[in-house]
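Encoded as structure tokens, the structure appears first; notes follow it.
The values are calculated or read from the model by the stated rules, or taken from the named source; none is laboratory data. Not measured: the values here are computed from a predicted model. Here Cβ is always computed from backbone atoms with ideal geometry, including for glycine, and neighbour counts include all displayed protein chains. Side chains are part of the model used for accessible areas, which takes the heavy atoms of the whole protein and leaves out ligands, DNA and RNA. Shrake-Rupley method; radii C 1.70, N 1.55, O 1.52, S 1.80 Å.
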Amino acid sequence: VVARRPKLVVVYIGDNDMPASTVTVENYIKYVTLFIERVRASLPETRFIFVSNKPSPSRWNLWDKYLAANAALKALCEADPKLRYVDITHTLLDENGQVIADRFLPDMLHVKPEVYVDWTAAVRPVVEEVWNSLQPPTQ
């Protein structure tokens, strides 16, 4: 990441780590924080947008852990003005808070291509807002 010298980094992190019994919410946040610190060591003004971890049928038994990780990630972002959090979970849950299985490929982990349209609709406005705030004022 640092070699590209980004002003803004959009991050989806943790989905594949949560199933490990050795990964707790606390060390997940430590890992996220370490990533931020490593980038900021060279690029202190870089902004980050973190996308929530998604629910999926194949990992539904771990959804409480994912929710806790998302809440911790959101709190981390709210505590730092250079971080933003975008929740995409609503794109995969029904009105009762249950995962919508037909939004997933047969492995019940990866989403179908049309889901990315919904994710883009959630993430793009935040990316545009942050990106615009980083641009020099016009004269």
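Of all the listed residues (TRP60, TRP131), the sole one being in contact (Cβ under 8 Å) with a residue 60 or more places away in the chain and open to solvent by 40 Å² or more (accessible area, probe 1.4 Å) is TRP131.
If you check ALA20, ALA72, ALA68 for being in a loop (DSSP other than H, G, I, E, B), out of contact with any His (no Cβ under 9 Å at 6 or more places or on another chain) and either aromatic (Phe, Trp, Tyr) or open to solvent by less than 60 Å² (accessible area, probe 1.4 Å) (or both), only one passes: ALA20. If you go through region 68-126 and keep only what is more than 23 Å from SER58 (Cβ to Cβ), touching a Ser or Thr at 6+ places or on another chain (Cβ under 9 Å) and not aromatic (Phe, Trp, Tyr), you end up with LYS74, LEU76, LYS82, ALA121. Evaluate the following for LYS54: is it assigned to a helix (DSSP H, G or I) and within 15 Å of MET18 (Cα to Cα)? Answer is no for this residue.
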